[in-house]
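Chemist: First the structure, then my questions, so here it is.
The values are calculated or read from the model by the stated rules, or taken from the named source; none is laboratory data. For clarity, every value in this text was computed on a predicted model and none was experimentally measured. Please note: Cβ atoms are built from the backbone with ideal geometry, for glycine as well, and neighbour counts cover all protein chains shown. These area figures cover heavy atoms from the full protein model, side chains too; ligands, DNA and RNA do not enter into them. Shrake-Rupley method; radii C 1.70, N 1.55, O 1.52, S 1.80 Å.
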Amino acid sequence: MDSKALITRRKAIGAALVAASPLLLPGQVRAQAKTQPDGSFVVLLKGLYQPVTKGPNLGLKMVDLSDGSYSTTKIYPVSGTPGNTNLNKAIGDFYVQSDPGVLCAYHIPGGSFAMQFTGGDFVFEDDGAGGRFLVGTFELDVIEGTGIYKSFVGGHNHMVDRLHFLAPGDGSGGIDEFCFCFVSGP
């Protein structure tokens, strides 16, 4: 037998443990926060939308968050974002225009970026309690960026959304978001 082809039991077990470490120790792997995204990342938009009356200055020229047309909800990390890696702790804010509804902005560690909706494929489903879900996907283009997101201008966002329009009178404010955003550079 060729001695170069032999792999010791110890090396095989060691290699298997290294390969399986993200599965066996997810907290340890997740604790290593990135300082800059690679060519893509994923975030989760989650929570009740609130109207924006006086929006923050994110350094973006394409969006005016104080014009009265935006609502906001929280952004949570999923994969590839810098900063906090706790999936249960918000890392930033998402702003979406309600009328005319073509622009949005993200503010997360490292900077901000603006996007424009370019298309969508969705349906409405009854929630059984007097409200309804918008279920589908949306396509967006990254049109502006600050900080570490400047390089994403010209990139794309594929949203997978389950937006819940709550029944009138439930006291919640009306719209509950649950949307994964798959953002990639040009």
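Chemist: Please give the number of the condition Asp93 fails out of (1) within 18 Å of Leu45 (Cβ to Cβ); (2) acidic (Asp, Glu); (3) surrounded by fewer than 20 Cβ atoms within 10 Å (Cβ to Cβ).
Modeler: (3)
Chemist: Taking into account only those residues within the stretch 65-90 that are under 12 Å from the mean Cα position of the chain (by Cα) and more than 21 Å from Ile148 (Cα to Cα), which is most open to solvent (accessible area, probe 1.4 Å)?
Modeler: By that ranking, first place goes to Leu87.
Chemist: Let me ask you something else. Which of the residues belonging to the stretch 36-63 are charged (D, E, K, R) and assigned to a strand (DSSP E or B)?
Modeler: Selection gives Lys46 alone.
Chemist: So, Ser151, is that one of a type outside the set (Phe, Trp, Tyr) and within 14 Å of Phe41 (Cβ to Cβ) or not?
Modeler: Here the answer is yes, as Ser151 does meet what is asked.
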